[in-house]
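Read-outs: derived from the displayed coordinates by stated rules, not from any lab. None of the values given here were measured: they were computed from a predicted structure. For neighbour counting, all protein chains shown are included, and Cβ atoms are generated from backbone atoms with ideal geometry for every residue, glycine included.
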Amino acid sequence: MNHVMIDIETLGTAPGSVILSVGAVVFDPDGDALGAEFYANIDPVDCQKHGLTIDAATVLWWFDQTEDARAHLKPMRLPLTHALGGLAAFLRDNQVKRVWGHGATFDPVLLDAACRACGLKTPWSPYDVRDTRTLYELAGVKPDRAKGVHHNALDDARAQAAAVTLAHSKLGLAA
């Protein structure tokens, strides 16, 4: 297993937005099991100290989400550099070669912007990033959101990784 699905929850949709949480799960697109997991809640005030911004429309969007989704954002919030460093160590320790995000312009792009804001090197090459939405459309699959809490970064990463595996199977792809 050397692929990882990363999902983030944010207070904006553009690069440079505050990141509230990051979840990641290692997986093999040709297998059916998920591997090691990473999850961190991030302190939004610390994000702002690094120059990340809050979008009012996204804050209002969060008010429309379930209490379960919001509740996962409350426990132990790490400084941004600690969360990003933890994610980088997780990727390194699991010898990740491919980084997946739910959309070509969201999760990896916003994490890259956060790394730059902190003066950190992004822990993956741009050539290693993969996009779920394109794959899902080609395969005619969607993530199963019935398991876990939708908009919990780790639960979403799990659902998205499982959908990538299903898409690979339907399309007869090899990782």
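DSSP bridge analysis restricted to the chain gives an antiparallel fraction near 60%, rounded to the nearest 5. Using Cβ point charges alone (K and R +1, D and E -1), the dipole size of the chain about the Cα centre works out to roughly 280 debye.
Each label point was placed 7 Å from the Cα along the Cα-to-Cβ direction; for Ala33 and Lys97 their separation is 1.9 nm.
In this structure, the pairs whose alpha-carbon distance is over 31 Å, taken from Lys97/Lys170; Lys121/Lys170; Lys97/Lys147; Lys49/Lys142, are Lys121/Lys170; Lys49/Lys142. Size descriptors for the range 44-151: radius of gyration and Dmax over Cα atoms are 15.6, 42 Å. Working note: Cα atoms of the range 13-71, range along each principal axis, descending, whole Å: 40, 27, 19.
If r is the Cβ-Cβ distance from Lys170 to Trp61 and R0 is 45 Å, what FRET efficiency results, to the nearest 0.05? Intermediate values should be presented prior to the final figure.
Working: r = 32 Å, r/R0 = 0.70.
Plugging the Cβ-Cβ distance into 1/(1 + (r/R0)^6) gives 0.90.
From helices alone, the chain scores -12000 deg cm²/dmol at 222 nm; the rule is -39500 (n - 2.57) for each run of n ≥ 4 DSSP H residues, then divide by the residue total.
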